[in-house]
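Here the structure is laid out as structure tokens; the discussion comes afterwards.
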Amino acid sequence: MSRENTGTSEEIFKDTQSGDVSPLGLPRELVEAVELMFFAYRDFVSDPDTILENHGFGRAHHRVLHFVGRRPGMSVSELLHILSITKQSLSRVLKDLIEEKYIIQETDEHDRRIKRLLLSPKGHELHRNLIDPQIRRFQESLEKSEIGTLEKWQEFMRHLTNTETKIDFMDDAGRKHQL
């Protein structure tokens, strides 16, 4: 989608003023969409960031709490796959959450090499406190949007996700979906 900028700076400036092309020579509408993603993400994580900071945690802790909360009993290996991070990075974050009693780590009853992860009651409370403002933000945005917006947004986000890193996950009803 890129285009070579071969004209003079004055010609490029005139071209970008037409409304269709950004100063980068890229479609203005898509550059603006990227900017909206930056701003939306910044605002979407701002409330949880404040809560996490009060606990001495960061966004990696948030992601671990979220996915362990969504899939109680998941293995460390499954979590590594979902997060696409190194064992070393996950070990540091898990250590913090286990030591602070937000996550419980249990040995699998059939295979003692497998460690299963669960949120403790304290972990459930923190996870709920982190996700509540994000859910409110979605609800407020959906109230201002057309019917069907959420489904279209979910479809778009699935297409935006790299196909080689897509994962299967379970929704709350136990139905399997491919992200």
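The values are calculated or read from the model by the stated rules, or taken from the named source; none is laboratory data. Small disclaimer: the values here were computed from a predicted structure and weren't measured. Glycine gets a Cβ as well: all are built from the backbone with ideal geometry, and neighbour counts include every protein chain shown. For accessibility, only protein heavy atoms count, side chains too; no ligands or nucleic acids. Shrake-Rupley method; radii C 1.70, N 1.55, O 1.52, S 1.80 Å.
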Where labels lie 7 Å past Cα in the beta-carbon direction, separation of ARG63 and TRP153 in nm: 2.1
Förster radius 45 Å - calculated FRET efficiency between ARG128 and ASP20 (Cβ-Cβ, nearest 0.05): 0.50
What's the carbon and sulfur percent of the stretch 84-137's accessible surface, probe 1.4 angstrom, rounded to a whole number? 48
Using θ = phi - 60° and the Karplus relation 6.51 cos²θ - 1.76 cosθ + 1.60, list the HN-Hα couplings for the stretch 138-153 in order, rounded to whole Hz, with x at every Gly or Pro. 4, 4, 5, 5, 5, 4, 8, 10, 6, 4, x, 4, 4, 5, 5, 5
Can you give me the distance in nm between label points at SER120 and VAL31, each placed 7 Å from the Cα along the Cα-to-Cβ direction? 5.1
